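J.: Right, I'll just put the structure down here and ask away after.
The values are calculated or read from the model by the stated rules, or taken from the named source; none is laboratory data. Quick caveat: nothing in here was measured; it's all calculated off a predicted structure. We place every Cβ from the backbone using ideal geometry, glycine too, and count neighbours over all the protein chains shown. The accessibility values were calculated without ligands, DNA or RNA, using every heavy atom of the protein model including side chains. Shrake-Rupley method; radii C 1.70, N 1.55, O 1.52, S 1.80 Å.
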Amino acid sequence: MPKIDLTTLPERTGSGYPAPHNAGFDGRSQWRLGNAAGLTQFGVNRVVLQPGAMSSLRHWHEKQDEFLVVTEGTPTLIDDHGETPLAPGDCCAFPAGDANGHHLVNRSDAPAAFIVVGTRTDTETGWYSDIDMKVEARDGEMTFTRRDGSAV
């Protein structure tokens, strides 16, 4: 059946970043909707940010497009252009290769949620705008290094 039973999906909390960059994600939860539906060409996640939480470190992708739509609350988009308040129904798009590092932060006193859709590629390189870190994704494994490739 195409309808996804959200109550059966595992909730993922925190982040996969190496220490000390994994701090500050206790209030972030996500559910992998695309995986639950068997999608293979793009990923779809529901993300909930509790007050004070952020979606990710500010980043951008070389090969993967990202698109999100806010479904609840009032998160703030932070990117190279500054800060943009968002509300339910607002959409944001981040084309592959555009070095505009971005993330969402919930500065409100209520939960915020969004659906994010992204391209799936066999390999990917992502860059973190505010710290000396990059990620290489290959065969489902992520390797975090400094920008020059040395250990984090």
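J.: Full extension from residue 21 to residue 71: what is 0.36 nm times the residue separation minus their Cα-Cα distance, to one decimal in nm?
T.: Values: separation 50, 0.36 × 50 = 18.00 nm, distance 2.71 nm.
Full extension of this stretch gives 15.3 nm more.
J.: Can you work out the accessible area per residue across the chain, with the rest of the protein chains kept in place, probe 1.4 Å, in square angstrom?
T.: Details: 8410 Å² over 152 residues.
Computed with neighbouring chains in place, this is 55 Å² per residue.
J.: Between residue 32 and residue 87, with labels modelled 7 Å along Cα→Cβ, what's the label distance in nm to one decimal, could you check?
T.: It is 3.5 nm.
J.: Contact order normalised by length for the stretch 84-140, with contacts defined as Cα pairs under 8 Å and 6 or more residues apart; what percent is it?
T.: Details: 27 pairs, mean separation 12.8, N = 57.
About 22 percent, as a whole number.
J.: Please work out the FRET efficiency for the pair residue 39 and residue 152, using the Cβ-Cβ distance as r and a Förster radius of 30 Å; give the result to the nearest 0.05. Please list the in-between numbers first.
T.: On the way: r = 31 Å, r/R0 = 1.03.
Once the sixth-power term is evaluated, E becomes 0.45.
J.: Can you work out ³J(HN,Hα) from phi for every residue in the stretch 96-101, in order, using Karplus 6.51 cos²θ - 1.76 cosθ + 1.60 and θ = phi - 60°, giving whole Hz and x for Gly and Pro?
T.: Result, rounded to whole Hz: 3, x, 7, 6, 8, x.
J.: A follow-up question, please. Leaving out ligands, DNA and RNA, what percent of the accessible area of the chain is carbon and sulfur, probe 1.4 Å?
T.: Values: 4400 of 8410 Å².
After summing per-atom areas, the C and S share lands at 52 percent.
J.: Separate question: How big is the convex hull of the Cα atoms of the stretch 1-82, per residue, in Å³?
T.: Details: hull volume 11.5 nm³, N = 82.
Given the Cα convex hull of the stretch 1-82, per-residue volume reads 140 Å³.
J.: Take each of the peptides 14-22, 47-55, average the number of other beta-carbon atoms within 10 Å over its residues, and list them starting from the highest. It would help to have the intermediate numbers written out before the result.
T.: Values: 14-22: 13.8, 47-55: 19.6.
Highest-to-lowest ranking by the protection proxy: 47-55, 14-22.
J.: In addition: How long is the gain from residue 131 to residue 100 if the chain were fully straight, where each residue apart is worth 0.36 nm and the alpha carbon distance is subtracted?
T.: Details: separation 31, 0.36 × 31 = 11.16 nm, distance 1.40 nm.
Computed gain between residue 131 and residue 100 is 9.8 nm.
J.: First select every other residue whose beta carbon is under 15 angstrom from the beta carbon of residue 84; then total the charges, Lys and Arg +1, Asp and Glu -1.
T.: Result for the neighbourhood of residue 84: -2.
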